[in-house]
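I have placed the structure first, in the form of structure tokens, so that the comments after it can refer back to it.
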Amino acid sequence: YGLEAIYRQGLQVHTTLDVNIQRTALRIARHHLAELGQRRDGEPPKDVRNAAVIVLQPHTGEILAMVGSPDYFEPRIDGAVNAAVAARQPGSSIKPLTYAAAFDPEIADRNRFRPLTAASMMVDVRTAFVTREGQPYLPVNYDHKWRGPVLLRPSLAGSYNLIAVKILDHIGLEALTDLARAMGITTFDNKDFGLALTLGGGEVRLLELTAAYGALANSGHRVEPGGINQITAHPGEILFQRSPQVKPGPRILDARTAYLITDILGDSYARRSTFGVGGPLELNRPAAVKTGTTQDWRDNWTIGYTPDIVVGVWVGNADNEPMRHISGVTGAAPIWHDVMYELLKTRPVQNFVRPEGFVTRTVC
């Protein structure tokens, strides 16, 4: 509205932020960064300084908290950089979108591939793919192990890299990028992406990826994040009014697809081969969650949701300096867990509603 409106007339800006939630997220982020920064005997420093947290209401898109850095006024950590809206590589936290595209019947029909299910089997063995430059691409799993024949449920829950690449090769890059854009990700316009896109080869913003997960919590309806409810001029004139979201946004995924991804991301049994039992990915209620770690430990992600709240966390360094051996489950996940726990401890437990139209089978 121009500098004159701000400095001479004066504006009142009414945000969607909840002060208590904002303070809680900031306090927890600072606490865990301090813990990660503690140097223990015999261990090198972990070199981690920054974190960002987004808390969204999935049915309205309201931003309840946005922590862009642990301290805006600290130049030594580039604190004025808002990592919640900075473009960073997401690692494996982008994989649920690949699986969602592969499971969705309408996307499969539109892109002319055979839709997959949570019970589809693929073979997790050393595999070479040919890039458009004619070079071999040999993805490896995070733990450098091969598991042979695997079903897609534990492949997503356990974050197997090779299987995610095979799925993207099956559905085609366009199916993934089209879905990502429909879910609100604005950074996937580059047509030069390769199969590494499903492992985090393209940059995303924490706010947008958290909103994309919000669509999974919102039965496949797009979530449009917003942080401002109203702007008024000094005499009381309303310059901007955010329309209350009384009905869901446009449908971008079949409700069954959204539920199936949710069910897998909340399946602690299916992810035990990679993440073990218990730990920061477990809550005392149904929750779907996915981590991500990029090459050279530059970025940690954990994004997850219950039926009534979505929380996205990034941990790293604003100047892109690598951390030392901090993965999504050790860096971002404890922040995600504690924010979720604090925000939900007084709320009743809610279960995800299973839509009609599923066929359940026991698969050997």
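Details
- Taking each of Lys95/Lys191; Lys191/Lys247; Lys191/Lys290; Lys247/Lys345; Lys46/Lys95 in turn, the alpha-carbon distance tops 23 angstrom for Lys191/Lys247; Lys191/Lys290; Lys247/Lys345; Lys46/Lys95.
- Altogether, the Stokes-Einstein calculation at 20 °C and 1.002 mPa s, with the Kirkwood radius of the stretch 1-91 over Cα pairs as Rh, returns a diffusion coefficient of 137 µm²/s.
- Each label was represented as a point 7 Å from its Cα along the Cα-to-Cβ direction; for Thr346 and Lys191 these points are 5.4 nm apart.
- Taking the protein heavy atoms of the chain in the context of the full set of protein chains, the accessible area attributed to carbon and sulfur is 51 percent at 1.4 Å.
- Spin-label model, His234 to Arg251: label points 7 Å out along the Cα-to-beta-carbon direction sit 5.1 nm apart.
- You can think of it this way: the chain between Asn284 and Arg114 has 57.5 nm of extra reach, that is 0.36 nm per residue less the Cα-Cα gap.
- Helix 19-37 axis, angle to the chain major axis (alpha carbon atoms, nearest 10°): 60
- The eigenvalues of the Cα gyration tensor, multiplied by 5 and square-rooted, give the stretch 52-116 an equivalent ellipsoid with semi-axes of 36, 15, 8 Å from largest to smallest.
- Computed over the chain with a Gaussian network model linking Cα atoms closer than 10 Å, the most mobile of Val223, Val13, Val289 is Val13.
- Kirkwood estimate for the stretch 286-364, i.e. one over the average of 1/r between Cα atoms, Å: 14.5
- All other residues whose Cβ lies under 12 angstrom from that of Leu36 are scored, Lys and Arg at +1 and Asp and Glu at -1, for a net of +3.
- Per-pair calculated FRET efficiency, R0 = 30 Å: Ala182 and Asp296 via Cβ, rounded to 0.05: 0.45
- With semi-axes defined as the square roots of five times the eigenvalues of the C-alpha gyration tensor, the equivalent ellipsoid of the stretch 237-345 measures 28, 21, 14 Å, largest first.
- Remark on the chain: ratio of C-alpha radius of gyration to 2.2 N^0.38 Å is 1.00.
- The stretch 275-341-the stretch 1-69 distance, computed between alpha-carbon centres (Å): 15
- Accessible area per residue, Å², the chain with all protein chains present, probe 1.4 Å: 49
- Helix content alone sets the calculated 222 nm mean residue ellipticity of the chain: runs of n ≥ 4 DSSP H residues at -39500 (n - 2.57) each, divided across all residues, give -8000 deg cm²/dmol.
- Computed over the Cα atoms of the stretch 24-180, the ratio of the radius of gyration to the Kirkwood radius (Rg/Rh) comes to 1.06.
- Acute angle (nearest 10 degrees) that the helix 161-171 long axis makes with the longest principal axis of the chain, alpha-carbon atoms: 90
- Stokes-Einstein D in µm²/s, Kirkwood radius over Cα pairs - the stretch 91-170 at 10 °C with 1.306 mPa s viscosity: 121
- Taken along the Cα-to-beta-carbon direction at a fixed 7 Å, the label points for Asp169 and Ser268 span 3.5 nm.
- The Ala5 and Ser243 beta-carbon pair, evaluated with R₀ = 22 Å, returns a calculated FRET efficiency of approximately 0.50.
- A straight line joining the Cα centroids of the stretch 86-128 and the stretch 145-161 runs 12 Å.
The values are calculated or read from the model by the stated rules, or taken from the named source; none is laboratory data. Since this is a predicted model, take the numbers as computed values, not measurements. All Cβ positions, even for glycine, are placed from backbone atoms using ideal geometry, and neighbour counts span all protein chains on display. These accessible areas exclude ligands, DNA and RNA; they are computed on the full protein's heavy atoms, side chains included. Shrake-Rupley method; radii C 1.70, N 1.55, O 1.52, S 1.80 Å.
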